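The values are calculated or read from the model by the stated rules, or taken from the named source; none is laboratory data. It should be emphasised that the depicted structure is a prediction, and the values quoted were computed from it without experimental measurement. Cβ coordinates were reconstructed from backbone atoms using ideal geometry, including for glycine residues, and neighbour counts include every protein chain displayed.
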Amino acid sequence: MHLKLRERGIDEEELATSFKELKKNDLDWESGRTFGFVYYPGEHAARVIMNAYNSFFFENGLNPTVFKSLRRMENEVVSMIASLLNAPDGAVGHLTSGGTESIICAMKASQKFHNKIAHPNIVIAETAHPAFNKAADLLNIQVRTVACKGKIPTPDISEIEYVIDENTIMLVGSAPCYPNGLIDPLEELSGLALRKNIWLHVDACLGGFILPFLEQLGAKIPAFDFRLPAVSSISVDIHKYGYGAKGSSVVLYRNAELRKKQYFVHTSWPGGVYASPSLTGTRSGGAIASAWAIMNYFGMKGYRDKAQETLHAARKIQKAISQSNELEIVGDPLATVFSFISKGRIDVYDLADELLSRGWHLDKQMKPPSLHITVSIGNIPYVDEFIADLEASVEKIKY
Ligand SMILES: *Cc1c(COP(=O)(O)O)cnc(C)c1O
């Protein structure tokens, strides 16, 4: 039995009541108790992006020649991110609906670039985002996955070299990866990619809006962007640490020749020439405008300040974890994303359940059993409360 569209609609007031009811069992992100999912930029900035979204709510990014405002904002957003990531002058890019789309676009471009290879493959670390597997599934590309072992679980460059062959069309490095926030050995990957003449994609979906600012603050961050000569493309999410509205990410290419492979054109349609650079057709003007708005609203200093506060909060949590006798941080995370494991006496999944009963949501991860934390601005005011609950939860499940 399907739900029938009601004959007579309900009014706004009733809708508002329904929303309240619908949200009742959601994660309580507003009190900073989820790590990830929601990147709340604070009250003022939230108003800025919501207003920007509403100002371009009805505009459509489908055809860049129709709404010149959207084209201009998109070009400026792409250009600002390109310079943030040390792109050379000829670098170009495109706004997409999210990291997944950015990654699919880059893989499609690489596949087209290597159109003579009948059975292409890509090589990724097991910590790479599943968007690469999803893209591979869509594009019929084989994925060769390299394990991440040891004290600092990043992929081993010799293992990557071992699985490369003449059909490898892309190497992938994450900056950082999602599961434990570690940055892949990108310098070595770049060297390998140069030597073998393979397209290197850097997935900076998570790090693109945090690593450059930590660097400006003096943190020692290894080169992760276009400074590495083999990097052909980079994905960066604005809707994560860029604090834009959901539905905004950028894919960048070292030059226009590479980007051209991402494009789709159909010329024989009765409706006219249909050209589309990315996967979407109709696109929300709101997401474009809010990306442009938040970047201009924060500016370099705003992002730098947020990065500093966020890093401070992350370090505080990490310190509490390291000082507990039961838990241990995985590897040496440089940014504000990390995971932690049990030293053996407690079960981290039980810990996650206990924390959830106190309202805190942490992702449970596998290989090794660990809990994930992405710290963003919305968490900052609640860090002390979290640490207290974390310590109490450890004590509670220990016996
Ligand atoms: C979030 C994320 C993605 C995918 O982005 P979506 O916006 O969820 O599609 C890809 N890579 C990394 C490292 C991510 O954190």
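Laid out as a table, the results:
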| quantity | calculated |
| --- | --- |
| Subset of the stretch 359-378 that is more than 30 Å from residue 298 (Cβ to Cβ) and at pLDDT 95 or above - its residue that is surrounded by the most Cβ atoms within 10 Å (Cβ to Cβ) | 370 |
| Failed criterion for residue 75 (all others in (1) more than 25 Å from residue 181 (Cβ to Cβ); (2) polar (S, T, N, Q); (3) assigned to a strand (DSSP E or B) hold) | (3) |
| Residue that is part of a helix (DSSP H, G or I) and either out of contact with any strand residue (DSSP E or B) (no Cβ under 7 Å at 6 or more places or on another chain) or within 16 Å of the ligand (Cβ to nearest atom) (or both), where the choices are 293, 223 | 293 |
| Residues (away from the ligand (no atom under 11 Å from the Cβ) and crowded, with 24+ Cβ neighbours inside 10 Å) located in the stretch 92-105 | 93, 95, 105 |
| Filter result for the condition that a residue is closer than 20 Å to residue 92 by Cα, touching an Asp or Glu at 6+ places or on another chain (Cβ under 6 Å) and not aliphatic (A, V, I, L, M), over 278, 248, 235 | 235 |
| Neighbours by Cβ (under 7 Å, 6+ apart or cross-chain): first from the stretch 209-221, free of Cβ contacts under 8 Å to residues at least 12 places away in the same chain; second part of a loop (DSSP other than H, G, I, E, B) | 215/221 |
| Failed item in (1) assigned to a helix (DSSP H, G or I); (2) among the hydroxyl-bearing types (Ser, Thr, Tyr); (3) touching a strand residue (DSSP E or B) at 6+ places or on another chain (Cβ under 6 Å); (4) surrounded by fewer than 24 Cβ atoms within 10 Å (Cβ to Cβ), with residue 127 passing the rest | (1) |
| Given (1) hydroxyl-bearing (Ser, Thr, Tyr); (2) farther than 22 Å from residue 371 by Cβ; (3) within 12 Å of the ligand (Cβ to nearest atom), number of the condition residue 190 does not satisfy | (3) |
| Selection status of residue 140, on the phi > 0 side of the Ramachandran plot, more than 16 Å from the ligand (Cβ to nearest atom) and not basic (Lys, Arg) | yes |
| Criterion (touching an Asp or Glu at 6+ places or on another chain (Cβ under 7 Å) and crowded, with 20+ Cβ neighbours inside 10 Å) met by exactly one of 228, 200, 189, 211 | 228 |
| Members of the stretch 88-116 that are more than 19 Å from the chain's Cα centre (by Cα) and of a type in the set (A, V, I, L, M) | 91, 92, 109 |
| Verdict on residue 198 being touching a Lys or Arg at 6+ places or on another chain (Cβ under 9 Å), away from the ligand (no atom under 14 Å from the Cβ) and among the aliphatic types (A, V, I, L, M) | no |
| Condition broken by residue 287, with the remaining ones in (1) out of contact with any Cys (no Cβ under 8 Å at 6 or more places or on another chain); (2) within 13 Å of the ligand (Cβ to nearest atom); (3) closer than 13 Å to residue 209 by Cβ satisfied | (3) |
| Among the residues listed as 109, 135, the single one being out of contact with any strand residue (DSSP E or B) (no Cβ under 8 Å at 6 or more places or on another chain), assigned to a helix (DSSP H, G or I) and either closer than 25 Å to residue 259 by Cβ or within 16 Å of the ligand (Cβ to nearest atom) (or both) | 135 |
| Single residue of 327, 311 found to be more than 26 Å from the chain's Cα centre (by Cα) and touching a residue at least 60 places away in the same chain (Cβ under 8 Å) | 327 |
| Residue 161 surrounded by fewer than 23 Cβ atoms within 10 Å (Cβ to Cβ) and more than 28 Å from residue 318 (Cα to Cα) | yes |
| Count - residues of the stretch 1-39 that are touching a strand residue (DSSP E or B) at 6+ places or on another chain (Cβ under 9 Å) and not hydrophobic (A, V, I, L, M, F, W, C) | 5 |
| Of the criteria (1) surrounded by 22 or more Cβ atoms within 10 Å (Cβ to Cβ); (2) aliphatic (A, V, I, L, M); (3) away from the ligand (no atom under 16 Å from the Cβ); (4) closer than 15 Å to residue 376 by Cβ, which one residue 311 fails | (1) |
| Criterion violated by residue 178 - all others in (1) more than 28 Å from residue 304 (Cα to Cα); (2) part of a loop (DSSP other than H, G, I, E, B); (3) hydroxyl-bearing (Ser, Thr, Tyr) satisfied | (1) |
| Conditions (1) surrounded by fewer than 10 Cβ atoms within 10 Å (Cβ to Cβ); (2) at pLDDT below 95; number of the one not met by residue 32 | (1) |
